[in-house]
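What follows is a set of notes on a single structure, which appears directly below.
The values are calculated or read from the model by the stated rules, or taken from the named source; none is laboratory data. Note that this is a predicted model, so its numbers are computed, not measured. For neighbour counting, all protein chains shown are included, and Cβ atoms are generated from backbone atoms with ideal geometry for every residue, glycine included.
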Amino acid sequence: MKTIAKSTLANTLLILILLANFWLQLQVLSELSNASPYFTAIPPDTDQAFYAEWARNLLNGTWPGNRAFFNSPYYPYYLALIYTIGEDNYTPRIIQMLMGVLTCALVYQIGTTIAGRRTGLIAAVLISLYGPIAFYNQEYTTAPHNMLLVTSAVYFALRLSKNQNPINALALGTAVGFGTLGQPQIAIILPAILIWLWHKRISRVLISYAAVLFPFAIIVGLPTAHNLIAANQLGVVTTSGPYNLYIGNNPDATGTFYVIDPAVRRSFDNSDYLIAVVDYIRQQPASWLFLTANKTASYLLRSDAELGSNVNYHYWGVAYSPTLQRLPLNLELVVIFALVSLPMVRRKPSFSLLFACILSYSLATIVIFVQARFRIVIMPLVLIVMAAAIHEMWIRFSHSKSRKWVLLLLGAVLLAYLPLAIRYRMAIDQNVFIGG
């Protein structure tokens, strides 16, 4: 009876959290639609503008034609599907907000599976209070789709480790496949997951591998074949891989996106970009190492690592939404808390799956260049780690012998975070993000 009562209470709390999650997103949507000039007037030459244009061209039959996919084809097809019903500023966003609610539910399920219901509930609360996720769910970007797909992949990997049902394997491969279609570096989590499953010593491992790889190969293979057949260009999903690698690895690189000299773009093809990257690393290794360290620091601790005119959380969101300004969680606090408390949770068996996905995806992103909308993809998994640490701290705090260590740990988090919090608050008060 006690187990049933606890389960009923947890389910009731989860429903309330999901409702609160959607309500907070509605608040952000209302505020941005009323105040943000970017809500209806998307600036030209941004990814959002290209996505909308390609979706319209897809419907009138002029895209992609015999051109290769330079950018991800996922989001234009998503918009085109919605535009068949009618084009407006709300439908794509509301669908993505519902995706955000589903991601929240999956975060609860993953947290519950690996560390118990309390961790699951804490994780669901944390993802609801994390402002950047509420913001990106509103934008014309693959981020909310990729968050859902990566979280789904982890969820089905956990299910597959316990039940080798082909449906779990097919769902895992499908989730990673569509995620790769939206953002190619998501593919890197698939080998990480397969290695994790191998170490779990699941039965019928080769059959499960085949069931995972089959849908993944079809989904990723279709745009890759289009690039090769229609445009005679080799590129897995997109042909922009070498170009993006060059943006993040050359003597003029900043660590985030910047516009390459038009003369270079006209004279370089993909092989030239790759040769230039190799030459830079070989000839200036110290410069490249410093650049990589800077990208790593930006990835971990710079919530504004994004172009001001291209889906920036501060310029497009915080500046126009009081709700986003009030939400208590931001990148710096989450990352510092997760890193400081990592020793508390790293020995929990199933957490190795989260760490493998977070680490592999993060490295793949840092190697290219850092953008906040790339990093947001794995933040639901990071928030699960943070939730487990909070739960573990509560357990240890209830024992007098461990109480002082918990207090010292919280003090370390506070000392590390306080300077960043002051800088962040001053930036908001001074409106330094507006117009960037």
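Restricting attention to the stretch 161-217, which residues are touching a residue at least 24 places away in the same chain (Cβ under 8 Å) and assigned to a loop (DSSP other than H, G, I, E, B)?
Gln164, Gln183, Lys200, Ile202, Ser203, Arg204
Out of all the residues in the stretch 246-266, is one or more in contact with a Leu (Cβ under 8 Å, 6 or more places away or on another chain), modelled with pLDDT under 85 and assigned to a helix (DSSP H, G or I)?
No: zero hits.
Being touching a residue at least 24 places away in the same chain (Cβ under 8 Å) and of a type in the set (Gly, Ala, Ser) is the filter here, so list the residues in the stretch 71-88 that pass it.
Scanning the stretch 71-88 gives Ser72, Ala80.
Residue check: is Val205 touching a Phe, Trp or Tyr at 6+ places or on another chain (Cβ under 7 Å), among the aliphatic types (A, V, I, L, M) and crowded, with 18+ Cβ neighbours inside 10 Å? Talk me through it step by step, then tell me what you get.
Numbers: touching a Phe, Trp or Tyr at 6+ places or on another chain (Cβ under 7 Å): yes; among the aliphatic types (A, V, I, L, M): yes; crowded, with 18+ Cβ neighbours inside 10 Å: no.
Criteria not met by Val205.
Are any residues in the stretch 338-355 surrounded by 20 or more Cβ atoms within 10 Å (Cβ to Cβ) and modelled with pLDDT of 80 or more, and if so, which ones? Full working, then the answer.
Looking only at the stretch 338-355, we keep the residues that are surrounded by 20 or more Cβ atoms within 10 Å (Cβ to Cβ), and these are 338, 341, 344-345, 353-354.
Hits for the stretch 338-355 are Ala338, Leu353, Leu354.
Would you check which residues across the stretch 88-109 are touching a Ser or Thr at 6+ places or on another chain (Cβ under 7 Å) and either among the hydroxyl-bearing types (Ser, Thr, Tyr) or within 25 Å of Lys348 (Cα to Cα) (or both) and list them? Give the derivation first.
Of the residues in the stretch 88-109, the ones touching a Ser or Thr at 6+ places or on another chain (Cβ under 7 Å) are 89, 103-104, 106-107.
Scanning the stretch 88-109 gives Thr103, Cys104, Leu106, Val107.
Could you say which residue among Ile202, Ile229, Ile219 is touching a Gly at 6+ places or on another chain (Cβ under 7 Å) and not polar (S, T, N, Q)?
On the way: Ile202 fails: touching a Gly at 6+ places or on another chain (Cβ under 7 Å); Ile229 fails: touching a Gly at 6+ places or on another chain (Cβ under 7 Å).
Within the list Ile202, Ile229, Ile219, the selection yields Ile219.
Please identify the pairs in which a residue from the stretch 280-296 that is farther than 18 Å from Phe257 by Cβ has its Cβ atom under 6 Å from the Cβ atom of a residue that is of a type outside the set (A, V, I, L, M), counting only partners at least 6 apart or on another chain.
Qualifying pairs under 6 Å: Ile281/Trp288.
Name the single residue that is surrounded by the fewest Cβ atoms within 10 Å (Cβ to Cβ) among those in the stretch 13-58 being of a type in the set (A, V, I, L, M, F, W, C) and within 16 Å of Asn312 (Cα to Cα). Please lay out each step first, then the result.
The initial filter retains those residues of the stretch 13-58 that are of a type in the set (A, V, I, L, M, F, W, C), namely 13-20, 22-24, 26, 28-29, 32, 35, 39, 41-42, 49-50, 52, 54-55, 58.
Now restrict to residues that are within 16 Å of Asn312 (Cα to Cα): 28-29, 32, 35, 39, 41-42, 49.
Values: Val28: 23, Leu29: 21, Leu32: 22, Ala35: 12, Phe39: 19, Ala41: 8, Ile42: 20, Ala49: 14.
Result: Ala41.
Has the stretch 222-233 got at least one residue that is part of a loop (DSSP other than H, G, I, E, B) and in contact (Cβ under 8 Å) with a residue 24 or more places away in the chain? Break it down into steps so the answer makes sense when it comes.
We begin by selecting, within the stretch 222-233, every residue part of a loop (DSSP other than H, G, I, E, B); these are 232-233.
From the residues that got through so far, the ones that are in contact (Cβ under 8 Å) with a residue 24 or more places away in the chain too are 233.
Checking the stretch 222-233: at least one residue is part of a loop (DSSP other than H, G, I, E, B) and in contact (Cβ under 8 Å) with a residue 24 or more places away in the chain.
Would you mind finding the one in Gln96, Gln48 that is assigned to a helix (DSSP H, G or I) and modelled with pLDDT under 90? Walk me through how you get there before you give the answer.
Details: Gln96 fails: modelled with pLDDT under 90.
Result of the check over Gln96, Gln48: Gln48.
The conditions are (1) part of a helix (DSSP H, G or I); (2) under 29 Å from Pro242 (Cα atoms), and Tyr140 fails exactly one of them. Which is it?
It fails just one condition, (1).
Quick check on the stretch 126-155: of everything there that is surrounded by fewer than 24 Cβ atoms within 10 Å (Cβ to Cβ) and modelled with pLDDT of 95 or more, which residue is nearest to Leu24 (Cα to Cα)?
Once the filter is applied, the top-ranked residue is His145.
Any residue in the stretch 142-158 that's on the phi > 0 side of the Ramachandran plot: show its pairings with residues that are part of a helix (DSSP H, G or I) and surrounded by 24 or more Cβ atoms within 10 Å (Cβ to Cβ) at Cβ separation under 9 Å, as long as the two are six or more apart or on different chains.
none
Can you pull out the residues in the stretch 71-101 that are of a type in the set (A, V, I, L, M) and out of contact with any helix residue (DSSP H, G or I) (no Cβ under 6 Å at 6 or more places or on another chain)? I'd like the intermediate steps shown before the answer.
Step one: list which residues in the stretch 71-101 are of a type in the set (A, V, I, L, M), which gives 79-82, 85, 94-95, 97-99, 101.
Matches in the stretch 71-101: Leu81, Ile85, Ile94, Ile95, Leu98.
Spot the failing condition for Trp316; the list is (1) of a type in the set (Phe, Trp, Tyr); (2) at pLDDT 90 or above; (3) surrounded by 20 or more Cβ atoms within 10 Å (Cβ to Cβ), and only one is missed.
With (1) of a type in the set (Phe, Trp, Tyr); (2) at pLDDT 90 or above; (3) surrounded by 20 or more Cβ atoms within 10 Å (Cβ to Cβ) applied to Trp316, the lone miss is (2).
With the requirement that a residue be surrounded by 24 or more Cβ atoms within 10 Å (Cβ to Cβ) and in a helix (DSSP H, G or I), what does the stretch 362-372 give you?
Ala372
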